[in-house]
Amino acid sequence: MSDNIHACFDVLDKVKQVELLDHPCRAVVIVYTAWGIIGNGGFQYFFESNFEGDPPFDMFTQAFRTVGLEEIALRFSELVAFFPFSDPHESSQKRQEFLECQPPAFTAAMTKLEDLIYGHDDIEEILNSFLQGEQGDKE
């Protein structure tokens, strides 16, 4: 992990809640965390996970968009829309039930998005560029 990204996680350790992070660090922490989970087990693992406070999945969409990963943000939003109930972030049981019998269209969309994500071997570079750009905007 680069020094810039590590610094964002250091701040998170102090404030304890991602919502309390400033704008650039919040997006970086959310994307980096999601990326790690997806890298370890794909979106199946991501959707099986429970995040503290049950944040809406739109938080991840916005973070991907914020750091410049627009296509991933769009496809992630489309993937979440497959859940046949509102607010899927709030019910791990309903998510699990859906994942156990996921429709082929969901599986295909999930695979395409995973391929897109796995095709990016430069996530730290992307996040560092974003942070540097944000620093430049403040000067």
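Couple of notes before you dig in:
- Its alpha carbons give segment 3-129 an Rg and a Dmax of 14.5, 43 Å.
- Reachable aspartates and glutamates from K16, criterion Cα separation under 12 angstrom, eight or more residues apart if same chain: E52
- At a Cβ-Cβ separation cutoff of 4.7 angstrom, cysteine residues of the chain with no neighbouring cysteine are C101.
- Taking every C-alpha pair closer than 8 Å and separated by at least 6 residues, the mean separation divided by the residue count of the chain gives a relative contact order of 29 percent.
- Hypothetical label at D122: residues of segment 37-70 whose amide nitrogen lies under 14 Å (7 Å Cα-Cβ projection): 68-69
- Of the residues T107, T33, the one with the fewest other Cβ atoms within 10 Å heads the list, and the complete ranking is T107, T33.
- For C101, C25, the sequence from fewest to most other C-beta atoms within 10 Å is C101, C25.
- Sorted fewest first by neighbouring Cβ atoms within 10 angstrom, D115, D54 come out as D115, D54.
Only the coordinates and a few stated rules stand behind these numbers; no lab work does. Because the structure is a prediction, the values reported are computed rather than measured. Cβ atoms come from the backbone with ideal geometry, glycine included; neighbour counts cover every protein chain shown.
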